[in-house]
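K.L.:
Structure incoming, see below.
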Amino acid sequence: MSEHMSQASETETTEGTGRIKSVSGPVVKAVDLDARMNDVVYVGDEGLMGEVIEIEGDVTTIQVYEETSGVAPGEPVENTGEPLSVDLGPGMLDAIYDGVQRPLDVLEEKMDSAFLDRGVDAPGIDLEKEWEFTPEVEAGDTVEAGDIVGVVPETVTIDHKVMVPPEYEGGVVESVEEGKFTVDDPVVTLENGEEIAMRQEWPVREQRPTVEKRTPRTPLVSGQRILDGLFPIAKGGTAAIPGPFGSGKTVTQHSLAKFADADIVVYVGCGERGNEMTEVIEDFPELEDPKTGNSLMARTSLIANTSNMPVAARESCVYTGITIAEYYRDMGYDVALMADSTSRWAEAMREISSRLEEMPGEEGYPAYLAARLAEFYERAGYFENLNGTEGSVSAIGAVSPPGGDFSEPVTQNTLRIVKTFWALDADLAERRHFPAINWNESYSLYQDQLDPWFEENVAEDWPDKRQWAVDVLDEEGELQEIVQLVGKDALPEDQQLTLEVARYLREGYLQQNAFIDVDMYCPPEKTYAILSTIQTYNDEAFDALDAGVPIEDITSIDAAPKLNRIATQEDWETFVDELKSDITEQIRSLY
Amino acid sequence: MKEYQTITEVSGPLVFAEVDEPIGCDEMVEIETPSGETKRGQVLESEDGIVAIQVFEGTTGIDRNASVRFLGETLKMPVTEDLLGRVMDGSGNPIDGGPEIVPDERRDIVGAAINPYSREYPEDFIQTGVSAIDGMNTLVRGQKLPIFSGSGLPHNDLALQIARQATVPEEEGEGDDDESEFAVIFGAMGITQEEANEFMDDFERTGALERSVVFMNLADDPAVERTVTPRLALTTAEYLAFDKGYHVLVVLTDMTNYCEALREIGAAREEVPGRRGYPGYMYTDLAQLYERAGRLKDREGSVTQIPILTMPGDDDTHPIPDLTGYITEGQIMMDRPLHSQGIKPPVNVLPSLSRLMDDGIGEGLTRADHADVSDQMYAAYAEGEDLRDLVNIVGREALSERDNKYLDFADAFEEEFVQQGFDTNRTIDETIELGWDLLSTLPKTELNRVDEELIEEHYREDASAVDAEAEEVSAD
Ligand SMILES: Nc1ncnc2c1ncn2[C@@H]1O[C@H](COP(=O)(O)OP(=O)(O)OP(=O)(O)O)[C@@H](O)[C@H]1O
Ligand SMILES: [Mg+2]
């Protein structure tokens, strides 16, 4: 039987009860406590939840997930003897949790207040609710750890697969139930006595087992032109979005959470604004999943540990998130996890570490910062699961470098691990070029792996078109340096034309407004069509220039400014067809 | 209540004392010096047998013989609607000679975090009457929008103008009774007497004091007290907003002094310092203040925050503006060159931002064309700004006609749109129409961020014609 501690477990405390020795912010030291590393403990008279993070002689150090003001030395500390775990089962979608998986709606009700009180616990999933279970095995079948034994319709979009917990032995099925059950009712019993219910528990700091990690070859289509078009991420890939404040990390993460073609989205608001989570809670139920047409909330699980909530729970919230993501991956789903912002997580580590008076590493961060970041992103990937299905976890982390300077430890250590880098740029943001992703600095190491998919599913010359766009933008970059010195009119005509084409690439292709309904999601076909229309203009224009037509005549054709309007057309297909022929016609009429 | 004469160490703003009973973290303390003076403090750290106390009024005069009393509770703010119209010091003691405050309730000043699930997304447009804000960086009820300024810039004038002019245009048919529920809370930390007078005079002149609560910690008041002043202000704000239904505007100035106080305490505790000597937990600490803005589901009121900070060296990568920007919902950036040019208010809209603007504007809220106009003006102003560097090198003649139009636009934008003075109150309609006047100096085809139908509706055909004519004349 699984004996991990989670809020759903009995809070009986069998092992040694200790006594508080000192209190310093979120860090409490206790004596006479019989505990192991990472055990969950209840601290003080109010029973605040905490986790053991250091043991030295008789002194046990605990990080407390709730405010500690008023907690005094001498108060008791009780050990649960179990590591910090999450409840896994139906009911996690369409839910909003704090950093230790307490449902925030349940807390509101229990506390009868809009403000978060202390010492109130709630299980991660509803223990009373009954779910319709349909078995997929029958008595006499043999099942192994990880195998799917039945399904539960969790939301309109998602069938929740009930699996044999990974730590089970497995064996021959003795009996099977069908119908409505609570998450703790056994629905499948094995001959060896193991009982399988809809709920499992799993310690958050431990990766859930799989058979193997595979090379990802399918893109996580984001519906964002600059990402799909230039810097794609794979299903099972990793990406970082670093940028100074106000450059668009959260808007990009929200767009991905809305439109990426994942089956499941786990959104972790880690140490950021309360209103941003409220926005998700209010918007997502109204928005359509572009893949299924159902409400977006039906595929989304939210974890909100905002900046004013306790710092220790901020440290744990990314683990809570990725464990939930892995669990849906085990069912064979493609899961996308967004963490906004991983810098706040790193700062939480730093704060706890400094209270422990550990030897600080670079900029006060603990020496194990790089290892923790690597461990986290390593949990992403495209996997073959224990039950033979394939599933993926894509991890996309925002990074908030102090002063917007990417040379700081969190950005640097993240860049060493992730394979997609979307660099946000204050300068672009200032001129309201959104998404403010810098096309010179950003990269994706998945490009070659994903090209075959785009060639097959969108257009054969997808990679060539991309290369053309990159070349034009590169050339623009070089020319701009000259323009800064002598002005545009001093350039030869062909270079002036390149600048003009590059401007359309920037304004009509790279820019995408996340707040305009028709533009916030751009299918790859449309992404391709915009690019190819701009290329048509480019080719026709250069032919005309070669034929001796003055550049002013070419650039002032009526059709050209429409290149910037394709993005906002409802019926872009017709628009593109007409625009292409208009451009050709108008330019050719010049010579 | 037990008294201890067990002080073992006094260091900067900290006092260490031995105790023989358990003392809770953050508990309030009174220390009586041998000369009979009573100082207040708070337990920072509590260990078996010893506590670290942070003293608000400075540790001068405290010695080993001072007696220490633990009050058994954390710092509380007495709240009541009667606070409106009152002036208090930075610790919440009335200094206006008014009657004793009879509290409704005493509230812990370290407010509990708002459950994100209980929030309501802020989207009610506040008209400040300032074009650079309303048109380009719209403020909404429940937002936290700081002013990033520098020493010597007129941030106080702007804050006062906002406090004076802020209204929420009512929808047709709705009563006007909303008006009376507006309140201003002013939390001053380490500002000069002169600045304080500036605020108080304005409050008195405009009669705003009646609906204000003022907390004053002046430059010569104890620095440590500054760490509690904003918490008193916000506790009062939350009470008025969420218990009494007021729309509360909280002006906190100067957050830089608050952060200096944090640094001082951190240094005294010999903590490992973070960037530029500020504590590593400054982000969390500031978030615990700034996040106390917002709206709640099913509640009337709102807390809107306008914190003011002066950026040391006008550097927005300095930890104080940097961490603030990472928490607040945008920033209004004051600009020294614009100030020298005499632009009032000298707001540089390019690095300014209101993140809640997108949901607070548009049809039914402000105007259908608001977003497009603002977007286009940003892009055009940024382009004109860029060209200014080039003009310095090659001169205007070397630039194309298009470039010259953008240069003119940038000038007009500063001199006509941003420039308005601290006493002019523009409606949102006036602001957007002004925007169209300026945009119409650019050729229609350049307005690629504006919906074509809106261009048809609002573009001033004659403006560019007039412009073109003028050009032809000058070209002759
Ligand atoms: N794709 C986009 N389309 C339109 N506007 C955008 C886009 N991306 C960003 N913005 C604008 O930029 C603002 C800031 O973006 P965002 O809140 O995502 O910044 P951030 O990088 O997350 O900042 P912080 O680090 O402070 O959280 C938004 O409020 C919005 O006005
Ligand atoms: Mg953000």
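K.L.:
Starting from 0 in steps of 5 Å, tell me what percent of the Cα-Cα pairs of the range B:369-466 lands in each bin.
P.N.:
2, 13, 24, 23, 19, 11, 6, 2, 0
K.L.:
Loop only by DSSP, 15 or fewer other Cβ within 10 Å of the Cβ. Give me the GluC sites (Glu not before Pro) in the range A:370-455 that pass, ordered by residue number. Write out the running numbers ahead of the final one.
P.N.:
Values: sites: A:E375, A:E378, A:E384, A:E390, A:E430, A:E441, A:E455; in loops: A:E441.
Qualifying residues, ordered by number: A:E441.
K.L.:
Over chain B, give the accessible area per residue in Å² for a 1.4 Å probe, as an integer.
P.N.:
With all protein chains present, chain B gives 37 Å² per residue.
K.L.:
Considering every Cα-Cα pair within the range A:160-223, what fraction, in whole percent, is farther apart than 15 Å? Working shown, then result.
P.N.:
Numbers: 1297 of 2016 pairs.
Everything past 15 Å amounts to 64 percent.
K.L.:
Straight-line reach from A:K465: which lysines fall under 18 Å, measuring Cα to Cα and dropping same-chain residues less than 8 apart?
P.N.:
Within the straight-line limit of under 18 Å, A:K465 reaches these lysines: A:K526, A:K580.
K.L.:
So what's the gap between the Cα centers of the range B:190-249 and the range A:133-168, to the nearest angstrom?
P.N.:
Answer, in whole Å: 60.
K.L.:
Roughly how many percent of the accessible protein surface of chain A is carbon and sulfur, given a 1.4 Å probe and a whole-percent answer?
P.N.:
44 percent
K.L.:
Another question, then. At a Cα cut-off below 16 Å, give the lysines reachable from A:K29, other chains included and same-chain residues fewer than 8 away excluded.
P.N.:
Of all the lysines, those that pass the test against A:K29 - Cα under 16 Å, at least 8 places apart if same chain - are A:K21.
K.L.:
Would you calculate the convex hull of the Cα atoms in the range A:506-549 and tell me its volume per residue in Å³?
P.N.:
Numbers: hull volume 3.1 nm³, N = 44.
Normalising the Cα hull of the range A:506-549 by residue number yields 71 Å³.
K.L.:
Can you give the convex hull volume of the alpha carbon atoms of the range A:212-446 per residue, in Å³?
P.N.:
120 Å³
K.L.:
Comparing the chain by itself with all protein chains present, which residues of the range A:528-575 are at least 50 Å² less accessible (probe 1.4 Å)?
P.N.:
Going by heavy-atom accessible area, the residues of the range A:528-575 that drop by at least 50 Å² are A:R565.
K.L.:
Please state the charge dipole magnitude for the protein assembly as shown, taken about the Cα centre, from unit charges on C-beta atoms (+1 on K and R, -1 on D and E), reported in debye and rounded to the nearest 20.
P.N.:
Using Cβ point charges on Lys, Arg, Asp and Glu, the protein assembly as shown gives about 2500 debye.
K.L.:
Follow-up question, since we're still on this one. Taking 10 °C and 1.306 mPa s as the conditions, I'd like the Stokes-Einstein D for the range A:449-591 in µm²/s, using the Kirkwood hydrodynamic radius from alpha carbon pairs. Write out the running numbers ahead of the final one.
P.N.:
Numbers: Rh = 16.0 Å.
Once the numbers are plugged in, D ends up at 99 µm²/s.
K.L.:
So what's the back-of-envelope 222 nm ellipticity for chain A, counting only DSSP H runs of four-plus at -39500 (n - 2.57) apiece and dividing by all residues, rounded to 500?
P.N.:
-10000 deg cm²/dmol
K.L.:
Would you work out which of B:P222, B:L249, B:I327 lies farthest towards the positive end of the dipole of chain B, given +1 charges on the beta-carbon of Lys and Arg and -1 on that of Asp and Glu, about the Cα centre?
P.N.:
B:P222
K.L.:
Quick one: Cα centre-to-centre distance for the range A:531-546 and the range B:264-327, in angstrom?
P.N.:
51 Å
K.L.:
Roughly how large, in nm² to one decimal, is the mean projection of the convex hull of the alpha-carbon atoms in chain B?
P.N.:
If I average the Cα hull's projected area over directions, I get 26.2 nm².
K.L.:
I need the P(r) histogram for the range B:42-93: all alpha carbon pairs, bin width 10 Å from 0 out to the longest distance, whole percents.
P.N.:
16, 42, 27, 13, 2
K.L.:
Now a separate question. Consider just the alpha-carbon atoms of the range B:3-74 and return their Rg together with their Dmax, both in angstrom.
P.N.:
Just the Cα atoms of the range B:3-74 yield Rg and Dmax of 10.5, 30 Å.
K.L.:
In Å², and per residue, what accessible area does the range A:462-588 have when probed at 1.4 Å with the other protein chains present? Spell out each step's value before the answer.
P.N.:
Working: 5350 Å² over 127 residues.
In whole numbers, the range A:462-588 has 42 Å² accessible per residue.
K.L.:
Whole-Hz ³J(HN,Hα) for each residue in the range B:347-358, computed from phi via Karplus 6.51 cos²θ - 1.76 cosθ + 1.60 with θ = phi - 60°, x for glycine and proline: what do you get?
P.N.:
Going residue by residue, I get 8, 8, 6, 4, x, 7, 6, 10, 6, 9, 4, 3 Hz, with x marking Gly and Pro.
K.L.:
Rounded to two decimals, what is Rg over Rh for the range A:324-412 when you use alpha-carbon atoms and the Kirkwood radius?
P.N.:
Ratio of gyration radius to Kirkwood radius: 1.09.
K.L.:
Let me ask something else about it. Could you work out the Rg to Rh ratio of chain A, with Rh taken as the Kirkwood radius (inverse of the mean 1/r over all Cα pairs)?
P.N.:
1.04
K.L.:
Excluding same-chain residues fewer than 8 positions from A:K161, which lysines have a Cα within less than 19 Å of its Cα?
P.N.:
Output for A:K161: A:K129, A:K180.
K.L.:
Tell me the GluC sites (Glu not before Pro) within the range B:1-87 that lie in a loop according to DSSP and have at most 13 other beta-carbon atoms within 10 Å.
P.N.:
Listed in order of number, the matching sites are B:E37.
K.L.:
In square angstrom and rounded to 100, what buried accessible area do you get between chains A and B, total over both, with the probe at 1.4 Å? Display every interim value, and only then the final one.
P.N.:
Working: alone 23780 and 20830 Å², together 38420 Å².
In total, chains A and B hide about 6200 Å² from solvent.
K.L.:
Another question about this same structure. Cα centroids of the range A:386-447 and the range B:330-377: how far apart, whole angstrom?
P.N.:
28 Å
K.L.:
Same structure, new question: Let me check against my output: what whole-number percent is the relative contact order of chain A, with C-alpha pairs under 8 Å and at least 6 apart?
P.N.:
This gives 13 percent for chain A.
K.L.:
Something else now. My understanding is that a pair violates if its Cα-Cα distance is over 18 Å; which of B:K405/B:K444; A:K213/A:K419; B:K2/B:K76 do that in this structure? Numbers along the way, then the final one.
P.N.:
Values: B:K405/B:K444 12 Å; A:K213/A:K419 15 Å; B:K2/B:K76 21 Å.
Checking Cα-Cα distances, B:K2/B:K76 exceed 18 Å.
K.L.:
Given Cα positions, please report Rg to Rh for the protein assembly as shown, the hydrodynamic radius being the Kirkwood one.
P.N.:
0.99
K.L.:
Sticking with this one: For the range B:277-369, just the Cα atoms, rotate onto the principal axes and tell me the three extents in Å, largest first.
P.N.:
The Cα atoms of the range B:277-369 stretch 42, 38, 17 Å along the principal axes, largest first.
K.L.:
Separate question: For the range A:131-198, taking Cα atoms only, what is the radius of gyration to one decimal and the Dmax to the nearest whole Å?
P.N.:
So, for the range A:131-198, Rg and Dmax equal 11.1, 35 Å respectively.
The values are calculated or read from the model by the stated rules, or taken from the named source; none is laboratory data. Keep in mind the model is a prediction, meaning the values are calculated, not measured. Here Cβ is always computed from backbone atoms with ideal geometry, including for glycine, and neighbour counts include all displayed protein chains. The accessibility values were calculated without ligands, DNA or RNA, using every heavy atom of the protein model including side chains. Shrake-Rupley method; radii C 1.70, N 1.55, O 1.52, S 1.80 Å.
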